[in-house]
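Have a look at the structure below, then the notes.
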Amino acid sequence: MKSIAIVVGNFRAAVLIRGYMVREIMADDATVDQLQRYLQEQLVEAEDIPNVEQRKQRIIKLESALFEVIEFIKSVEERELVESVIFEESSSVRLISSSDNTDEPSITNSEVCPECDEPQSSEFSFCQVCGYQRK
């Protein structure tokens with residue numbers, strides 16, 4: 001039976017078999033797909049473990065790790081799907097401010113909403129931005 005350990009540090013991983021470094025893996029080399037394939041290979045090899053109790057423990061560990069890899073892949077795919085949808089801010093329905101329009105009532109500095117600090121028009125008894133009711 002071979003013993004495998006993966007030592008991780010400073011964006012590197014080394015695969016050790018019985019204490020000897022077999023392969024050094026840079027972070028750019030490894031992918032989630034490779035990890036999944038590796039775990040699947042280990043699961044097949046775990047069937048050959050002669051000790052029943054060790055075999056069961058190893059299979060449980062590998063199946064748990066595979067489950068986590070699959071959940072991670074699903075999570076990444078869902079995030080990519082959500083991020084691929086482009087949200088565009090639509091233009092406002094009403095004109096918020098215009099320096100050309102003189103028909104609107106003038107707004108003085110004293111007419112500022114205490115909640116959102118936006119200028120308020122004297123023709124309304126509430127803030128048009130946040131809905132705060134003036135008293």
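The values are calculated or read from the model by the stated rules, or taken from the named source; none is laboratory data. Keep in mind it's a predicted model, so treat the numbers as computed, not measured.
Checked against the criterion of being closer than 30 Å to Gly131 by Cα and either at pLDDT 90 or above or under 32 Å from the mean Cα position of the chain (by Cα) (or both), the candidates Glu89, Glu115 yield just one match: Glu89. Among the residues of segment 68-86, those that are of a type outside the set (Asp, Glu) and at pLDDT 60 or above comprise Val69, Ile70, Phe72, Ile73, Lys74, Ser75, Val76, Arg79, Leu81, Val82.
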